[in-house]
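Just below is one structure, and these are the notes that go with it.
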Amino acid sequence: MARFIFITGGVVSSLGKGLTSAALGALLQARGFSVRLRKLDPYLNVDPGTMSPFEHGEVFVTDDGAETDLDLGHYERFTGVAARATDSVSSGRIYSNVLEKERRGDYLGKTIQVIPHVTNEIKDFIRIGEDEVDFMLCEIGGTVGDIEALPFFEAIRQFSQEKPRGQCLFMHLTLIPYLAAAGELKTKPTQHSVKELRTIGIAPDVLVCRSEHPIPQKEREKIALFCNVRPDNVIPAYDLNSIYEAPLALHREGLDQAILDAFAISPAPKPDLTRWEDVAERIEHPEGEVKVAIVGKYTRLEDAYKSIKEALTHGGIANRVKVKVEWVDSELFESEDPAPHLEGFHAILVPGGFGERGTEGKIRAARYAREKKIPYLGICLGMQMAVIEAARNVAGIAAAGSEEFDHEAGRRRFEPVVYHLKEWVQGNRTVKRRADDDKGGTMRLGAYTAVLKEGSKVAEIYGATEIEERHRHRYEVDTKYRDQLEEKGLIFSGMSPDGRLPEIVEWQDHPWFIGVQFHPELKSKPFDPHPLFRDFIRAAIETSRLV
Ligand code: GLN
C-alpha cells in the first residue's frame, strides 16, 4: 500500500512546487522506492487542452492521450515514470463527473454537496493505483487560501484521517522573502500560510522554504517553532543554476531524510545519486555552446514550449555543450526576409502551434534553413510548415497551405497540402471526427506507432525502424502530394503503420532537416535525452564549427 505525500503551496504562486515534487520523487527513487506523481488543479476547465498557452503554458500529453498540466512534464523528466491520464485532474473534471453521476441517478435521490460528494470524487481519484507504488506524491495546484482549492484541501485532510496513522504526510512550500531595507529574511508570510493550512485542518509535517538568501539556523528554528514542525523538517530551497541540480540540492538540505524520518522508515536505504551527479557535472562543465532559435508565436511565454526547451537542454547534456535558446517571433517576418533575425543561429526549431497567425514567418524560417543548410527541426505545426514550404517553393504548388487556416478564415484560399484529419486507426479501432466536433479532447492524441524507412536519417538516429511517439494534432500532411515532394528530395521517412499518415519528413540533400508530426520533446529526460534532440544538437555543433 502506498504512502501518500501531499504537496501544497503558500505565500505566492510560481514557487516551483511541481519541480520540488518531481525532485522529491527522484530522491525517493534514488533510495530504491517506486513513485507516482499526480497533480490536482483547482481550475474549472475540464482539462488544460482548450486553454491558451498564455493562460496555462504547455499542454503536456500522456501516452494514453490525456491533455494535462505541464507539471506532469517535470514529473516525467525527473522520475522517468510515464504519466497517465489518471495522474492529472481539475475541479472541472471532478464536478463534471459528479454532475454526470447525478444525472444518471447514481446518488439515489440525495442532495449533492461539496462534502461529501465532491470530496469523495477527489479521494477516489487519489486512490487510483494506490497498490502499485511505494509512494504517491499528490501536488495541489494553486495557493493555500484560494477559494476554488478548498474542496481539494478538505479531501486530502479527510483522506489522511481515513488512512492508518503514519501513512500520509503533508509537505508545504513557502517563500521566505528578504527585505533589503531591513537587511532581514522574513518568516511571517510562512507563519501565516501555515496558520491558514491549520485552520482547514492540515498540519504540515515538512516545510520547504524558497529563499534567495541563506536561511540561518536561528531562522530555521524560529520557523519550526512558530509553524509547529521539527527543526530538521524546515528545508531551505535556494535558486539554482539548473533545475536538474534540484535533487542534489534538496538532498544536501536533508529533504528525503526528513520525509523518510517522518514516515518512520528506519534504517533509511542509502541513496544512489550517480544519475544526478552525472547530469549536474555535464551541465556545470560544458565544452562549448550552440545557439538555437525557436521560431514561434508564443515567444512571450517560455512556458508554452517548456518541454522543448528542456529537451534542447538534454540534447546539450548528451553532447556536453550549453544550449543557448533564443525565442524568435515569427510575426516579425511574415512578409520579409527572415535572415536578419536568424543569422548567427546554429540550428532552427519550429515548434507546434495552432492558428494562422505567424505561420508565413515560420514557412520563411523553414525556407531559410533549407536553403542555408542550417539544421532544422519542425515539430507538429513545424513539420506542416516545412511541407508547405517545400510544396510552394520546390514542387511548384504555389497556393499550398493548410486547411486549418482556411477553416479559421472561413473561406478557401489554399490548396490543402495539410488537411483536416477525420479518420484514423487506433489499435484495432477506427476513430472518426467531424468538422463541427467539440474542441476539447478531439484531436489525435497520445502515443501512436510510426514505421521508419530503412536507411533514412531518422532510422539511423533512432537506431530503430519502429517507434512510438506522442501526438496532439487535428491536421495532417496529405499523402496525395507524396510522390511529387519525394521526387524533389523531401522524403516521407516515417509513416503510420497503415501507410496513411505521414509522421516524418526529411530533406535528402541537407545536413539535418527533419519534420515530425509528433512531439518528441515530451519523452526526453536529462538522464536519457531523446535521440532526435541529441542528434539535432550534434548537428548544431557541426554548424557552429563551420562559421
Ligand atoms: N495546428 C496543427 C494541427 O492541429 C498543429 C498542432 C500542433 O502543432 N500541436 O494539426
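Once you list every other residue whose beta carbon is under 11 Å from the beta carbon of SER335, what net charge do they have if Lys and Arg are +1 and Asp and Glu are -1?
-4
For a test of the definition: using alpha carbon positions, the gyration tensor, and the 1.5 limit on a/c, classify the stretch 258-342 as rounded, prolate or oblate.
Verdict is oblate for the stretch 258-342.
Please label the shape of the stretch 347-472 as rounded, prolate or oblate, based on the square roots a ≥ b ≥ c of the eigenvalues of the alpha-carbon gyration tensor (a/c under 1.5 means rounded; beyond that, a/b larger than b/c means prolate, else oblate).
Oblate is the answer for the stretch 347-472, as a/c is 1.5 or above yet b/c matches or exceeds a/b.
Quick check: the angle from helix 17-30's long axis to the longest principal axis of the chain, C-alpha only, nearest 10 degrees?
Rounded to the nearest ten degrees, it is 80.
If the only charges are +1 at each Lys and Arg Cβ and -1 at each Asp and Glu Cβ, what is the size of the charge dipole of the chain around the Cα centre, to the nearest 20 debye?
In total the dipole reaches around 700 debye.
Leaving out ligands and nucleic acids, and using a 1.4 Å probe, what accessible area per residue does the stretch 229-344 come to in Å²?
Counting only protein heavy atoms, the per-residue value for the stretch 229-344 is 47 Å².
So for the stretch 267-343, averaging the separation of alpha carbon pairs under 8 Å that are six or more residues apart and normalising by length, what relative contact order in percent results?
Once divided by the residue count of the stretch 267-343, the mean separation gives 40 percent.
Quick one: dipole size for the stretch 18-128, taken about the Cα centre, charges +1 on Lys/Arg Cβ and -1 on Asp/Glu Cβ, in debye to the nearest 20.
In debye, rounded to 20, the stretch 18-128 gives about 500.
By average Cβ neighbour count within 10 Å, what is the ranking of 362-370, 166-174, 140-148 from highest down?
Final packing ranking: 362-370, 166-174, 140-148.
Between helix 150-162 and the chain, what is the angle of the helix's C-alpha long axis to the longest principal axis, kept within 0 to 90° and rounded to the nearest 10?
60 degrees
For helix 531-546, report the angle its Cα long axis makes with the longest principal axis of the Cα atoms of the chain; keep it between 0 and 90° and round to the nearest 10°.
The two axes meet at around 60 degrees.
Name the residue from LEU137, TYR107, ALA155 whose Cα lies farthest towards the positive end of the charge dipole of the stretch 92-156, charges +1 on Cβ of Lys and Arg and -1 on Cβ of Asp and Glu.
The listed residue farthest towards the positive side: TYR107.
Report for the stretch 397-467 the percent antiparallel among DSSP-assigned beta bridges with both residues inside it, nearest 5.
65 percent
Would you check the accessible area of GLU221, probe 1.4 Å, heavy atoms only, in square angstrom rounded to 10?
For GLU221, the solvent-accessible surface is approximately 90 Å².
GLY109: net charge of surrounding residues, Cβ under 15 Å, Lys/Arg +1, Asp/Glu -1, itself excluded?
+2
For the stretch 270-349 and the stretch 119-147, write down the distance between their C-alpha centroids in whole Å.
33 Å
If you average the sequence gap of Cα pairs under 8 Å that are 6 or more apart and divide by the length of the stretch 86-187, what percent do you get for the contact order?
20 percent
Classify the chain as rounded, prolate or oblate from the Cα gyration tensor: take a ≥ b ≥ c as the square roots of its eigenvalues, call it rounded if a/c is under 1.5, otherwise prolate when a/b beats b/c and oblate if not.
Prolate shape, in that a/c is at least 1.5 and a/b is the bigger ratio.
If you average the sequence gap of Cα pairs under 8 Å that are 6 or more apart and divide by the length of the chain, what percent do you get for the contact order?
Here the relative contact order equals 15 percent.
Local charge sum around TYR368 (other residues, Cβ-Cβ under 11 Å, Lys/Arg +1, Asp/Glu -1)?
Net local charge, TYR368 excluded: +2.
In whole percent, and with a 1.4 Å probe on the protein chains, what portion of the accessible area of the stretch 1-86 is carbon and sulfur?
Accessible surface attributable to carbon and sulfur in the stretch 1-86 totals 50 percent.
Could you point to the residue in SER88, GLY382, LEU546 farthest towards the positive end of the chain's charge dipole, with +1 and -1 charges on the Cβ of Lys/Arg and Asp/Glu respectively?
Selected residue: SER88.
With all protein chains present, how much of the accessible area of the stretch 461-529 (probe radius 1.4 Å) comes from carbon and sulfur, to the nearest whole percent?
Roughly 39 percent of what the probe reaches on the stretch 461-529 is carbon or sulfur.
By how many nm would the segment from LYS186 to VAL431 lengthen if fully extended, with 0.36 nm per residue of separation less the alpha-carbon distance?
82.6 nm
Please work out the average accessible area per residue across the stretch 1-147, using the 1.4 Å probe convention, and give it in Å².
37 Å²
For LYS291 and TYR107, compute 0.36 nm times the residue count separating them, minus their Cα-Cα distance, and round to one decimal in nm.
That works out to 60.4 nm of additional length.
Say the dipole of the stretch 172-317 comes from +1 at the beta carbon of Lys and Arg and -1 at that of Asp and Glu; which of ASN233, LEU197, HIS314 then lies farthest toward its positive end?
LEU197
If packing is taken as the mean number of other Cβ atoms within 10 Å per residue, what is the order of 63-71, 478-486, highest first?
63-71, 478-486
Among 423-435, 457-469, what's the highest-first ranking by average C-beta atoms within 10 angstrom per residue?
For the peptides 423-435, 457-469, the packing ranking is 457-469, 423-435.
The values are calculated or read from the model by the stated rules, or taken from the named source; none is laboratory data. Because the structure is predicted, anything quoted here is derived from the model rather than measured. Backbone-built Cβ (ideal geometry, glycine too); neighbour counts: all protein chains shown. The protein model used for the area step is the full one, side chains on, heavy atoms only, and it has no ligands, DNA or RNA in it. Shrake-Rupley method; radii C 1.70, N 1.55, O 1.52, S 1.80 Å.
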